[in-house]
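The values are calculated or read from the model by the stated rules, or taken from the named source; none is laboratory data. What you see is a predicted model; the values in this text were computed from it and never measured. Neighbour counts run over all protein chains shown; Cβ positions are idealised from the backbone, glycine included.
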């Protein structure tokens, strides 16, 4: 049984800001009556820096505003104010290298009542830390995935296209995947079509064609996913957004995942409701190298 330690010491240096005010990490708190805490009623974005500059921040900001609209959450801040908070957190970091930034907006303090009408003001939280270094060997060795019994939320329920703080099915899927000895979970939707991993988009390669689940399958429109699509089209690499079944996965030539922090990482094994094994392939390597060159990561 996969167990979770209850005695984890936070050894990472953090920069924390709440409602435009720097706060020491040990003093960074929100009210127990905040609806983000009570009901997971929040949205968030994660951005990394490249050469000290927030990479693809306009795309992340647009997605955050779209998430807010989808949740009927009114944001009182301008794009310039939100950008300033990201930059302030980055500039406050004392570490060498690049920065990881998480921006969280909660519904705010209100009564213990599902209706958010009692919440007067949303809360703005920014957390920054040194960007974790991707284990270099993962690009050569690859990751393992488990197609879990935990399903991705239906678009008719809590649409995964909204980047909200309500992540429990991802949490449970990851716990199942780790129990089975794999690095991450890959989730099916209610129609038995593959969607995405817990914090990454998912791709297969078949006969030279890169395929990724369509947004209609129920998944987040990843910023990196969109860039990979655009790069592939620009470079003349066949690319499809489509429904992908477990049968499609089992016959795939290559598998890889993508994300803001992970970049592009090959997959070498999938277990669970699918059995697939393979090596990091040439199409994965090409799209990864093209993306890293585009992003200035090489």
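Quick one: which of 266, 280 is touching a strand residue (DSSP E or B) at 6+ places or on another chain (Cβ under 6 Å), crowded, with 19+ Cβ neighbours inside 10 Å and assigned to a loop (DSSP other than H, G, I, E, B)?
The unique qualifying residue is 280.
Checking residue 205 against (1) under 22 Å from residue 252 (Cβ atoms); (2) at pLDDT below 95; (3) more than 21 Å from the chain's Cα centre (by Cα): exactly one of these is not met. Which one?
(2)
Any idea which residue in the stretch 189-202 is surrounded by the most Cβ atoms within 10 Å (Cβ to Cβ), counting only those that are over 15 Å from the mean Cα position of the chain (by Cα) and at negative phi? Break it down into steps so the answer makes sense when it comes.
Within the stretch 189-202, the subset over 15 Å from the mean Cα position of the chain (by Cα) is 189-194.
The next check asks that each one be at negative phi; those that pass are 189-191, 193-194.
Details: 189: 21, 190: 13, 191: 12, 193: 20, 194: 27.
Looking at residues that are over 15 Å from the mean Cα position of the chain (by Cα) and at negative phi, I get 194.
Give the stretch 21-55 a look and list any residue that's in contact (Cβ under 8 Å) with a residue 60 or more places away in the chain, crowded, with 18+ Cβ neighbours inside 10 Å and either in contact with a helix residue (DSSP H, G or I) (Cβ under 7 Å, 6 or more places away or on another chain) or assigned to a strand (DSSP E or B) (or both), or say none.
Answer for the stretch 21-55, where residues must be in contact (Cβ under 8 Å) with a residue 60 or more places away in the chain, crowded, with 18+ Cβ neighbours inside 10 Å and either in contact with a helix residue (DSSP H, G or I) (Cβ under 7 Å, 6 or more places away or on another chain) or assigned to a strand (DSSP E or B) (or both): 34, 35, 41, 42, 43, 44, 45, 47, 48, 49, 55.
If you scan the stretch 243-260, which residues turn out to be part of a loop (DSSP other than H, G, I, E, B) and under 25 Å from residue 154 (Cα atoms)?
First pass over the stretch 243-260, keeping only residues part of a loop (DSSP other than H, G, I, E, B): 243-244, 251-253, 260.
Selection gives 243, 244, 260.
If we keep just the residues of the stretch 178-193 that are in contact with a strand residue (DSSP E or B) (Cβ under 6 Å, 6 or more places away or on another chain) and in a loop (DSSP other than H, G, I, E, B), which is farthest from residue 47 (Cα to Cα)?
180
When you scan the stretch 100-115, how many residues do you find that are touching a residue at least 40 places away in the same chain (Cβ under 8 Å), surrounded by fewer than 18 Cβ atoms within 10 Å (Cβ to Cβ) and either within 30 Å of residue 83 (Cα to Cα) or not assigned by TED's automatic domain parsing to the domain that holds residue 18 (or both)?
1
Of everything in the stretch 205-223 that's outside any loop (DSSP other than H, G, I, E, B) and touching a strand residue (DSSP E or B) at 6+ places or on another chain (Cβ under 8 Å), which residue is surrounded by the most Cβ atoms within 10 Å (Cβ to Cβ)?
First, the residues of the stretch 205-223 that are outside any loop (DSSP other than H, G, I, E, B): 205-206, 209-213, 215-217, 223.
Narrowing the set further to residues that are touching a strand residue (DSSP E or B) at 6+ places or on another chain (Cβ under 8 Å) leaves 205, 209-213, 215, 217.
Numbers: 205: 22, 209: 15, 210: 22, 211: 21, 212: 26, 213: 24, 215: 16, 217: 21.
In this case the residue turns out to be 212.
Among the residues of the stretch 231-242, count how many are under 13 Å from residue 258 (Cβ atoms) and either part of a loop (DSSP other than H, G, I, E, B) or out of contact with any strand residue (DSSP E or B) (no Cβ under 6 Å at 6 or more places or on another chain) (or both).
Here the count works out to 1.
Would you point out the residue of the stretch 163-177, among those that are within 15 Å of residue 197 (Cα to Cα) and assigned to a loop (DSSP other than H, G, I, E, B), that is farthest from the chain's Cα centre (by Cα)?
That would be 167.
On the basis of being surrounded by 13 or more Cβ atoms within 10 Å (Cβ to Cβ), free of Cβ contacts under 8 Å to residues at least 40 places away in the same chain and out of contact with any helix residue (DSSP H, G or I) (no Cβ under 9 Å at 6 or more places or on another chain), does residue 84 make the cut?
Yes, satisfied.
Does the stretch 147-159 hold any residues that are in contact with a strand residue (DSSP E or B) (Cβ under 7 Å, 6 or more places away or on another chain) and either touching a residue at least 40 places away in the same chain (Cβ under 8 Å) or assigned by TED's automatic domain parsing to the domain that holds residue 38 (or both), and which are they?
Hits for the stretch 147-159 are 147, 148, 152.
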